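The structure appears right after this line, and notes come after that.
The values are calculated or read from the model by the stated rules, or taken from the named source; none is laboratory data. Please read these numbers as outputs of a predicted model, since none were measured by experiment. We place every Cβ from the backbone using ideal geometry, glycine too, and count neighbours over all the protein chains shown. Only protein heavy atoms, including side chains, enter the accessible area calculation; ligands, DNA and RNA are left aside. Shrake-Rupley method; radii C 1.70, N 1.55, O 1.52, S 1.80 Å.
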Amino acid sequence: MVDQAACTPVAPGAVLLPGLLTPLAGALAAVLRPLLWQAPLRHLRTPGGGRMAVATSNAGALGWLSDARGYRYASQDPLSGRPWPPLPALLDAIARAAAARAGFPGFAPDAVLVNLYRPGVGLGLHQDRDERDAAWPIVSASLGLPARFRLGGLRRDAPTQELVLQHGDLLVFGGPARRCFHGVRPLAAGHHPWAGEHRLNLTFRRAG
């Protein structure tokens, strides 16, 4: 199915695979439910002490963390002291296939960051710089309410384009787009039959 998916370029190195996950909604819920039970969503603290508005969790060999020590990846969940849940085979297969369809064969994610957005919550412009090798892309999956995703340039003040990411969309950005600043506008209120009043975003990375 992924091999035949529509692939829409949005910037050099960035492509949109619209609606690809929509038929998998039931299967995705089945794998995400036990994952988030084992590693519950939580609001991390920024290095400056502020509370992040987006609730997060992780799966895979590594998980992304933020606290007074800074931004980093770690192999254990600090809430439980145990390894993060394994990356479910379905999610791993989706990420690998999407990356290959976008022109990045050989992608093998070792981390998936789960972000939960509620109405009014967004994410400011930032770069993903904590991964060891930026040669690998980031695969971003959108579930639930639509989001207005901003993709800019290599400087924070560069102009941005805005994409509306719908339930089931996959966005892959690597190559020239890998270090681009990007963010999410505050989520508009609404209700989605799969996620209620929320948006769930999964970002797959090769972190180690």
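Things worth noting here:
- Ordered by 1.4 Å accessible area with all protein chains kept, Y117, Y73 run largest first as Y73, Y117.
- All other residues whose Cβ lies under 13 angstrom from that of L65 are scored, Lys and Arg at +1 and Asp and Glu at -1, for a net of +1.
- Heavy-atom surface analysis with a 1.4 Å probe gives the chain a carbon and sulfur content of 56 percent of its accessible area.
- Karplus-derived 3J(HN,Hα) values for region 106-113, using 6.51 cos²θ - 1.76 cosθ + 1.60 with θ = phi - 60°, are x, 5, 10, x, 10, 8, 10, 8 Hz; glycine and proline are entered as x.
- Each stretch of four or more DSSP H residues adds -39500 (n - 2.57); spread over every residue of the chain, this sum gives -4000 deg cm²/dmol at 222 nm.
- For region 120-156 and region 158-173, distance of Cα centres in Å: 9 Å
- Ellipsoid semi-axes in whole angstrom, largest first, where each is sqrt(5λ) of the Cα gyration tensor of the chain: 22, 20, 19
- By definition, a body whose alpha carbon gyration tensor gives a ≥ b ≥ c is rounded when a/c is under 1.5, and region 59-144 falls into this rounded group.
- Computed over the chain with a Gaussian network model linking Cα atoms closer than 10 Å, the most mobile of A111, A61, A25 is A25.
- Max mean-square fluctuation residue, GNM over the chain, Cα-Cα springs under 10 Å, options A11, A53, A158: A158
- Considering only G152, G106, G122, the Gaussian network model of the chain with Cα springs below 10 Å gives its largest mean-square fluctuation to G106.
- Calculated accessible area for the chain comes out at 45 Å² per residue, all protein chains present (probe 1.4 Å; ligands, DNA, RNA ignored).
- Region 1-98 pair-distance distribution - Cα-Cα, 10 Å bins, rounded %: 13, 35, 32, 19, 1
- Placing a label point 7 Å from the Cα of A188 along the Cα-to-Cβ direction, the residues of region 135-164 with a backbone N closer than 14 Å are 145-149, 163-164.
- Among residues other than R150 with Cβ under 10 Å from its Cβ, the summed charge is +1 (Lys and Arg +1, Asp and Glu -1).
- With the biggest extent put first, the Cα atoms of region 114-185 measure 31, 24, 18 Å across the principal axes.
- Counting charges near H126 (Lys, Arg +1; Asp, Glu -1) among other residues having Cβ under 12 Å from its Cβ returns a value of +2.
- In Å², nearest 10: area of R148 left accessible to a 1.4 Å probe: 110 Å²
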